[in-house]
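Input: a single structure, listed below in structure tokens.
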Amino acid sequence: MEDGIPNNPFGTQLGGGVGRIKLNVGGKLFETTVSTLRSGGPDSLLSALSNRPTQDPVFIDRDPEIFSVLLSLLRSNRLPSTAKRFSNLELIDEALYYGIESQLRMALAPTRLNGIDASIFTTVKPSSDGIVSAFNAIDSDGSLWVAHGGQISVYDWNLSHTATVRTHLDFITSIRRVRPEIAAVGSLYGSGLHFYNMTNGCRVDSVEWVDPSDVRIYKARVHAIADSEDSIFASYDCQHGENSVLMIDRSTLKISSEIGRMQGTSSKNAVPGKLKYVPDMGILVGSSVTSGAFGYSGYIRLWDPRSRDVVWETNEPGSGRSSRFGDSFADVDVDLDNLALFKLCSKSGDLAVAELRKLSDDPWVYLKEKNPSMRNVGISGGIAGGNLLIHCYRKQVFVGREGDLEVWSRVEDNADGEGTCEGLCRRNYVDKVEDAERGIIKKIEGGGDRLFVTREDVEGIEVWQSSNYSGAVSVS
């Protein structure tokens, strides 16, 4: 005690959080400020320790080297270079112990996905049946729900395996997470939409499409799954071709209505192979593409789920006043951020866009390649008519042409004028030559600022993400 003032083992101004405190972690002494410990949040262990009135260093029986990394994170909101010595799982385990997982999670999260500087970060491979038959990437956190054979595996935000469930299906071809713990799955080799609880591995419900007035409606297979805030949508077809989209209540998992029942006798009324809900407009977008000796054909159809009415549709070839008659689309997707509809032409390989709020008989604007080095590569005379895929994510359009992966990025400051025009986007490759040689791209999907890609007969899912150091080459 000095001048009647008791000694403060934490230094001065403890109440304000700027005093100092010593911690003994695994036999190694650390000294930091109270405010640094409290930055972990009021519910963290470190915040609680900062309030202990003791002169002796608090002993914590944990790894001191990892604690040093986490302490640096609290000081600067960034991971130090020494963090590379440890796996993410090791860091997460220690962060959970100290109650600072949220800070670590933000530090480990990838930067905003930019296709121009993305590169392969890792490959997620299920331990058995490694060929992925379907997957769903979760936009909010980048976690993965993977179907491989008849199994479902879940990987969390850190892509760490958390669960695997064996279903009654032999081969799952569509999957979607519809609740935090529930996966909806379907198969082209078995009937019905089935819901599995990934916590206990049990099937909690199934939805079959039946019609008591038509005995032909039975053993209907699921082709595509989408969901909204309160509903699940699944497209079904029967062996004789008749098909429909069922709207299922998300809370009860029971059918609430039937949308767009079609005979399935031609490509213009075949079962939708792709479904996507547009929340800002309250519409469901469905598309179907078939290919044969005479090329591609199909339709794009927009439904209002509330009225079950078709609000817009186009068939290719054969409807509207298309300036590209005979160049039917090979794939379609919706840009939810910009409310735009994109299609990839099967013959020319060209990319076209239409504004969802301004659809007409022929709403398409065909994007022009202005980069001389890429003008004749995979487009307008390049690799067309082969395996073509399109996926919109984070205001970008990712295109798979055989084994090549490319991105069309929106030009925000468009010199050609306002609105949709042929100079709206610019094209670049995402992958390198050696990446394209791994095989034909079968699916592209974005989630949590990551891009996930599967290839034909190749095990696992490629994980692409951007980095602050993308493209940097060490010369030391």
- Of all residues in the range 248-257 being open to solvent by less than 60 Å² (accessible area, probe 1.4 Å) and assigned to a strand (DSSP E or B), which is nearest to residue 273 (Cα to Cα)? 248
- Message: If the requirement is being among the β-branched types (Val, Ile, Thr) and out of contact with any strand residue (DSSP E or B) (no Cβ under 9 Å at 6 or more places or on another chain), which of these qualifies: 167, 173, 122, 82?
- Response: 82
- Message: I'd like the residue in the range 272-300 that is open to solvent by 20 Å² or more (accessible area, probe 1.4 Å) and part of a loop (DSSP other than H, G, I, E, B) and, out of all such residues, is modelled with the lowest pLDDT.
- Response: 293
- Residue set 153, 244, 206, 235; condition polar (S, T, N, Q), farther than 28 Å from residue 336 by Cα and assigned to a strand (DSSP E or B); output residue 206
- Task: Restricting attention to the range 150-177, report how many residues are open to solvent by less than 70 Å² (accessible area, probe 1.4 Å), more than 16 Å from residue 140 (Cα to Cα) and not polar (S, T, N, Q).
- Result: 7
- Taking the range 81-121 and keeping only residues that are in contact with a Gly (Cβ under 9 Å, 6 or more places away or on another chain), among the hydroxyl-bearing types (Ser, Thr, Tyr) and modelled with pLDDT under 95, one is left with 102, 119
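Yes/no per residue for (1) assigned to a strand (DSSP E or B); (2) modelled with pLDDT of 90 or more:
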residue: 416; (1), (2): no, no
residue: 419; (1), (2): no, no
residue: 422; (1), (2): no, no
residue: 428; (1), (2): yes, yes
residue: 435; (1), (2): no, no
residue: 438; (1), (2): no, yes
residue: 442; (1), (2): yes, yes
residue: 446; (1), (2): yes, yes
residue: 453; (1), (2): yes, yes
- Kindly indicate the residue of the range 1-35 that is modelled with pLDDT under 95 and β-branched (Val, Ile, Thr) and also nearest to residue 65 (Cα to Cα) among those meeting that condition. 32
- Picking from 71, 91, 113, which residue would you name as being more than 30 Å from residue 179 (Cα to Cα) and among the aliphatic types (A, V, I, L, M)? 71
- Taking residue 228 as the residue in question, decide whether it is within 27 Å of the chain's Cα centre (by Cα), of a type in the set (S, T, N, Q), surrounded by fewer than 20 Cβ atoms within 10 Å (Cβ to Cβ) and closer than 29 Å to residue 297 by Cα. yes
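Yes or no, residue by residue, for (1) of a type in the set (A, V, I, L, M, F, W, C); (2) within 28 Å of residue 435 (Cβ to Cβ):
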position: 77; (1), (2): no, no
position: 92; (1), (2): yes, no
position: 99; (1), (2): no, no
position: 110; (1), (2): no, yes
position: 113; (1), (2): yes, yes
position: 118; (1), (2): yes, yes
position: 123; (1), (2): no, yes
position: 132; (1), (2): yes, yes
position: 147; (1), (2): yes, yes
- Task: May I ask you to say which residue of 311, 289 is in contact (Cβ under 8 Å) with a residue 40 or more places away in the chain and either assigned by TED's automatic domain parsing to the domain that holds residue 205 or among the charged types (D, E, K, R) (or both)?
- Result: 289
- Looking across the range 183-216 at residues that are crowded, with 19+ Cβ neighbours inside 10 Å and not small (Gly, Ala, Ser), the single one that is farthest from residue 150 (Cα to Cα) is 209
- Message: Pull out all pairs, ordered by first then second residue, where Cβ-Cβ is under 9 Å, the residues are six or more apart or on different chains, the first lies in the range 64-77 and is over 11 Å from residue 30 (Cβ atoms), and the second is acidic (Asp, Glu).
- Response: 66/90; 66/93; 66/94; 69/94
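The values are calculated or read from the model by the stated rules, or taken from the named source; none is laboratory data. No experiment lies behind these values; they were computed from the predicted model shown. When we count neighbours, we look across all protein chains shown, and the Cβ atoms used for this are built from the backbone with ideal geometry, even at glycine. Note: areas computed on protein heavy atoms with side chains; ligands, DNA, RNA excluded. Shrake-Rupley method; radii C 1.70, N 1.55, O 1.52, S 1.80 Å.
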